[in-house]
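What follows is one structure encoded as structure tokens, with my remarks underneath.
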Amino acid sequence: MADSRAAAVAAQAKGAPGVASGKDAPAPAGKAGDKPAAPKKKNPKRLIIASAAVVLLASAAAASYFLLGSKDQPVPATQASGKQADKDKKAEAAKPFFVEFETFTVNLRDPEKFLQIKLTFQVKNIAAAEALKDMTPVVRSAVITVLGSQDAADLMAKEGKEKLSGEVVAVANKALAGTGMDDAIEAVLITHMLIQ
């Protein structure tokens, strides 16, 4: 009789609203002395293995980057600045510096002829350029003496112009002697010349 009553209650519970059935139904209670089931513990071995795998992959990636790295890797800043400074020094040493003088107008050896000429001095470095600018009156005076001693016919020929350039370099360097810029002038360029 108890079995039939339990079956009837179960049948009502299945169709009755508000009563859980299927998955949502509570698990049948065990005997009064049974302990409730403990939640499942996570396996610590799996966690350790997963962590080790992540560390291993990260190590392998870092090792391959450093060992195989690309050729286009940036140079460390300390090395780059030192190399750039060396390049700048070499570029400065190779780069010519010019000082342009105002036009000279002088009488030539022939009293009926005069020379109008513009000269640009090529110097070794920026310090020599500054020294030449500071000494402009002394250098101009020495150059005028050389220009006034020239013959018009000689200046018409290429060799005469080259000879004049050499003489101007020598006299200009002599004018700078004792200023700490000995032989600072490397060449003289004739950028304009008119003989009348």
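A few remarks follow.
- Rolled with a 1.4 Å probe across the full set of protein chains, the surface gives residue 101 an accessible area near 10 Å².
- Extended-chain gain in nm, criterion 0.36 nm per residue less alpha-carbon gap, residue 179 and residue 55: 37.7 nm
- Counting only protein heavy atoms and using a 1.4 Å probe, the accessible area of residue 193 comes to about 50 Å².
- Taking every protein chain into account, the 1.4 Å probe leaves residue 105 with about 90 Å² of accessible area, to the nearest ten.
- If the chain linking residue 156 and residue 170 were pulled fully straight, counting 0.36 nm for each residue of separation and taking away their Cα-Cα distance, it would gain 2.9 nm.
The values are calculated or read from the model by the stated rules, or taken from the named source; none is laboratory data. As the structure is a prediction and not an experimental result, all values here were calculated from the model. Accessible surface is based on the protein model in full, side chains and every heavy atom, while ligands, DNA and RNA are left aside. Shrake-Rupley method; radii C 1.70, N 1.55, O 1.52, S 1.80 Å.
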